[in-house]
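The next block holds one structure in the form of structure tokens; read it before the comments.
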Amino acid sequence: MKIGLLLLFFINTLFSFEDDNSFITKYEYGAMLYNNPRGIGCNKCHGNGKKSVTIAKYRDKKGALKTIVAPPINKVKFEDFKSKLKSDKTESLIMPTYFLTDEELTSLYYYITKVK
């Protein structure tokens, strides 16, 4: 009986590429990471990820108006996405460091490219 169940589980796992029957789907996990990735959520600066979002406006020492804008992220190539999130903070003084694993980055990327 146990061998039959194990064989059935193995066959189901082997042939169920499209179904995600896990406790939490990759999309749900990505959404969770997007909204709370161990720090400030991506949604706070990028909104739904589909368009640029103005984070702040300020005047520099010379009085010129400056704007900090978070770019849309739903159409970024995975390599660029991963590079930005793993970059040293000397490269970006605004983007926080999250220390996400490769699996978390993959789930997060999956979510932002599938979000409606």
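No lab work stands behind these numbers, since they all come straight from the coordinates. On a predicted model such as this, the values are computed, not experimentally measured, just so you know.
Here the range 32-109 is treated as a sphere whose radius is the Kirkwood value from Cα pairs; by Stokes-Einstein at 20 °C and 1.002 mPa s it diffuses with a coefficient of 157 µm²/s. For ILE55, the residues 5 or more places off, or on other chains, whose built amide H falls under 5 Å of its own are ILE68, VAL69, ALA70. Computed from backbone phi, the HN-Hα couplings of the range 72-79 come to x, 10, 6, 10, 6, 5, 4, 4 Hz, rounded to whole numbers (Karplus: 6.51 cos²θ - 1.76 cosθ + 1.60, θ = phi - 60°; Gly and Pro given as x). Using a cut-off of 31 Å between Cα atoms, the listed pairs LYS61/LYS116; LYS26/LYS66; LYS62/LYS114; LYS61/LYS84 include LYS61/LYS116; LYS26/LYS66; LYS62/LYS114 as exceeding that distance.
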